[in-house]
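Undergrad: My questions will all concern the structure given below.
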Amino acid sequence: MKPCVFIHTNEKQIVGALVAQHALKRNSRNPDKFDVRIIHTEDHPFLRAREGQLFLRDHVKRPWTMGDLQSFTPLRFMPPELMGYSGRALVIDPDIFAVGDVFELLSRDMQGKAIMCRMRSGVKGIAAGKLGFFATSVMLLDCAKLTHWRCEEQFNEMFEFNRDYMDWISLKLEPRDSIGILEPEWNDFDRLTANTKMVHNTRRITQPWKTGLPVDFTPAETFRLFPPLGWVMRWRRQLFGTHAFLGRYRHHPDTNQENFFFGLLRECLEKGIVTEDLVREEMNENHVRHDAFEVIERAPPLAA
């Protein structure tokens, strides 16, 4: 069985997922040695079945909504099941784009670990605790060691308040000695350098393909460093709605990352991986910035 890269997404990020799929194969010297599959929320109705119901996230009960930008994140735990609990898998977010050869990661020695990922950094990492807080947006998986991962069942436990989303998504429920550490370059947070293997436009407010659109992600409502901010965010949501007063997506501070994404998107259009009709439809849905074609025109072609 070939190793497989899984890109999990929803309809809001489908263009990003298709671009990510293209980048993985484009930038590998061994594109025939691994598969790429997209896991879409619409193919897993157990997610939509919980629409509007309360679940536990960082000790706060909040409603589940499929309309959130990141409603796909529980699907991070589905690849072992899809692989029949056998073989090697990599799962990535739809806003992560390969710069280097992902087969180097798929074929590396995991040294007996079930999971490999990078540590979280910055304020979010500090707030969640310095020890054992992992970024699961890129995970290398030995599927045979993860037979306890049952995505639908464990997703439903959040609505019974028996599982906290943040504990689940940050791997706090996994044995610490089963987790190995990846170099940051395999999940480079909004950083594109000569060493970057996969660039992650993780700061949602500056994702390059969403500049100028109304914000449609759900911000955090727990701030351990300054709890009153969390209270304000909860009152805002309860009184005015999920995305009220959140403003608009901003321009990415690194033009090179914008050019990289739109250079990849141009290639996808040229190859028919993404159609012009799809881009225009996503623009109408406010999933892709309205000047996308103008940005494509001015973005320099990518090196072969």
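Undergrad: Taking region 1-79, which trypsin sites (Lys or Arg not before Pro) meet the DSSP loop condition and have no more than 12 other C-beta atoms within 10 Å?
TA: Answer by residue number: Arg29.
Undergrad: Further, regarding this structure: Take the Cα atoms of region 30-120, build their convex hull, and give its volume per residue in Å³.
TA: Enclosed volume per residue, from the Cα hull, is 148 Å³.
Undergrad: Next question, about the same structure. Whose amide H sits under 5 Å from the amide H of Met66, counting only residues 5 or more places off or on another chain, with H placed in the peptide plane?
TA: Residues meeting the amide H criterion: Gly52.
Undergrad: Using amide H atoms built 1.01 Å from N in the peptide plane, name the residues 5+ places from Asp35, or on other chains, whose amide H lies under 5 Å from its own.
TA: Residues meeting the amide H criterion: Cys4, Val5.
Undergrad: Given a cut-off of 31 Å, name the pairs among Lys12/Lys172; Lys2/Lys61; Lys2/Lys210; Lys61/Lys113; Lys2/Lys197 whose C-alpha atoms lie farther apart than that in the structure shown.
TA: Result: Lys2/Lys61; Lys2/Lys210; Lys61/Lys113 exceed 31 Å.
Undergrad: On to the next question. From the square roots a ≥ b ≥ c of the eigenvalues of the alpha-carbon gyration tensor of region 84-214, which class results: rounded (a/c under 1.5), prolate (a/b over b/c), or oblate?
TA: Oblate shape, in that a/c is at least 1.5 and b/c is the bigger or equal ratio.
Undergrad: Continuing with the same structure: Using the eigenvalues of the Cα gyration tensor, what equivalent ellipsoid semi-axes result for the chain when each is taken as the square root of five times the eigenvalue, whole Å, largest first?
TA: 28, 26, 18
Undergrad: Count the DSSP beta bridges whose two residues both fall in the chain, then state the antiparallel fraction as a percent rounded to the nearest 5.
TA: 55 percent
Undergrad: May I ask for the longest run of the chain untouched by chymotrypsin sites (Phe, Trp or Tyr not before Pro) that are loop-located per DSSP and have at most 13 neighbouring C-beta atoms (other than their own) within 10 Å?
TA: 1-160
Undergrad: If you rank Glu174, Glu42 by fewest surrounding Cβ atoms within 10 Å, what's the result?
TA: Least crowded to most crowded, the residues run Glu42, Glu174.
Every number here is computed from the coordinates shown, using simple stated rules; none is lab data. Computed from a predicted model, the values in this text were never measured in an experiment. Every residue, glycine among them, receives a Cβ derived from its backbone with ideal geometry; neighbour counts consider all protein chains shown.
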